[in-house]
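As structure tokens, the structure follows; a few thoughts come after it.
No value in this document is a laboratory result; all are computed from the given coordinates. Here the structure is a predicted model, which is why all the values come from computation and not from measurement. Because the Cβ atoms are built from the backbone with ideal geometry, glycine has one as well, and the counts that use them run over all protein chains shown.
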Amino acid sequence: VEIGEMGAARQKLQSELSIARDIQRAMLSPPRRVRAGATELHACAVLEAAKEVGGDFYSFIERGEGELWFAIGDVSDKGVPAALFMARAVTILEVAAHASASPDQVLAEASRRLAEGNDTCMFATVLCGHLDVRSGRCTLASAGHDAPLLLHADGRVETLPVEAGPPLGFEASAAFPLWHGSLQPGASLLAFTDGVTEAFDADDQAYGSERLVAALQRGDDAADLCRRVIADVHEFTGAAPQSDDITVLAIRLDPLAATHADALANTRAGAAADPQALPQENPHADTTDRPR
């Protein structure tokens, strides 16, 4: 009987963890496409938890026209406690993003809120950013998070010098230096959690930042970048068990190709100013039906 009860309890726990996993995944943002002017932004992220539920998270927030706010984070623990702290962090960050003027203000507000009643002393590293799609202007702020990479259109990879403030949760802080820069069309921003660079193979060797840089391909869209990095991490680790959550977030800017409808609209707009711009019908053309 005792063995049967233990089996039933284990099955119930597994069911509850599966429900918690589904709830946690539902909190994560779907991919985003944002168009403004002659530019289109594509944002995507991939998260693979080491356990049924985890502490990594990301969020995309469209607040204004042609703008994208985003965040990626890593909670200090794993499992159910990390998942609960993660849910609280995501909610607080999204609310703060809707009410703040810059990423450093988002982190300052989240720092204050997450430090309240944090008796377990859990914390999260977070990278928060804002991107104006039309101009490519980007601002970033970090709460103890790894610096992101910028993949230029020509294939060069640059580690962005984002100065990190303290992680969120220990104590309230407003010391989050703001980084200013820009993304040019064809460039991609890649952010990640330390589960990527600190993934270990069977020989206890870490994946590392150099291999991450080598895995990036300039022609990839945001989704392909995420998939390529995740696949390369798994190829490196092989049969070694995954010890930490793995999350990759990519944002790419591309010139917006004119569609046929756009071209036609432009032609008609020009014709309104100059009627000779449109092809003129030949008044002498024979329009009678002929058998075929």
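If I take R0 = 41 Å and measure r between the Cβ atoms of Asp221 and Val80 in this structure, what FRET efficiency does the formula 1/(1 + (r/R0)^6) give, to the nearest 0.05? Between Asp221 and Val80 the formula returns 0.75. Label positions at Ala231 and Asn118, each projected 7 Å from the Cα along the C-beta direction, are separated by 3.8 nm. Label the chain by shape, choosing from rounded, prolate and oblate, from the square roots a ≥ b ≥ c of the eigenvalues of the Cα gyration tensor; if a/c is under 1.5 it is rounded, and otherwise prolate applies when a/b is larger than b/c, oblate when it is not. Prolate. Charge tally around Gly66: other residues with Cβ under 13 Å, Lys/Arg +1 each, Asp/Glu -1 each, net +1. Summing +1 for each Lys or Arg and -1 for each Asp or Glu among the other residues whose beta-carbon sits under 11 angstrom from that of Ala97 gives -3. Along the charge dipole of the chain, Cβ charges K/R +1 and D/E -1, which of Ser173, Leu225, Pro30 sits furthest on the positive end? Result: Pro30. Summing +1 for each Lys or Arg and -1 for each Asp or Glu among the other residues whose beta-carbon sits under 15 angstrom from that of Arg112 gives -2.
Taking amide hydrogens as placed 1.01 Å from N in the peptide plane, the amide H of Asp77 sits under 5 Å from those of Phe123, each at least 5 positions away in sequence or on another chain. Taking a ≥ b ≥ c as the square roots of the Cα gyration tensor eigenvalues, region 199-256 comes out prolate, since a/c reaches at least 1.5 and a/b is larger than b/c. If the chain linking Phe170 and Met27 were pulled fully straight, counting 0.36 nm for each residue of separation and taking away their Cα-Cα distance, it would gain 49.1 nm. Coupling constants for region 108-118 follow from the phi torsions by the Karplus curve (6.51 cos²θ - 1.76 cosθ + 1.60, θ = phi - 60°), and in residue order they are 5, 5, 5, 4, 5, 6, 6, 6, 6, x, 8 Hz; glycine and proline get x. Taken about its Cα centre, region 1-79 carries a charge dipole of about 180 debye when Lys and Arg each add +1 at the Cβ and Asp and Glu each add -1 at the Cβ. Report note on the peptides 109-116, 213-220: ranked by the mean count of other C-beta atoms within 10 Å, highest first, their order is 109-116, 213-220.
In plain terms, the residue of Asp22, Asp104 with the fewest other Cβ atoms within 10 Å comes first and the most crowded comes last, giving Asp22, Asp104.
Charge dipole (Cα centre; +1 on Lys/Arg Cβ, -1 on Asp/Glu Cβ; no other charges) of the chain amounts to roughly 800 debye. In order along region 192-206, the phi-based Karplus estimate (6.51 cos²θ - 1.76 cosθ + 1.60, θ = phi - 60°) of 3J(HN,Hα) comes to 7, 9, 5, x, 7, 6, 9, 6, 10, 8, 5, 8, 6, 9, 7 Hz; Gly and Pro are listed as x.
Karplus-based coupling profile of region 17-24, in residue order and whole Hz: 5, 5, 5, 4, 4, 5, 5, 5, with θ = phi - 60° in 6.51 cos²θ - 1.76 cosθ + 1.60 and x standing for Gly or Pro.
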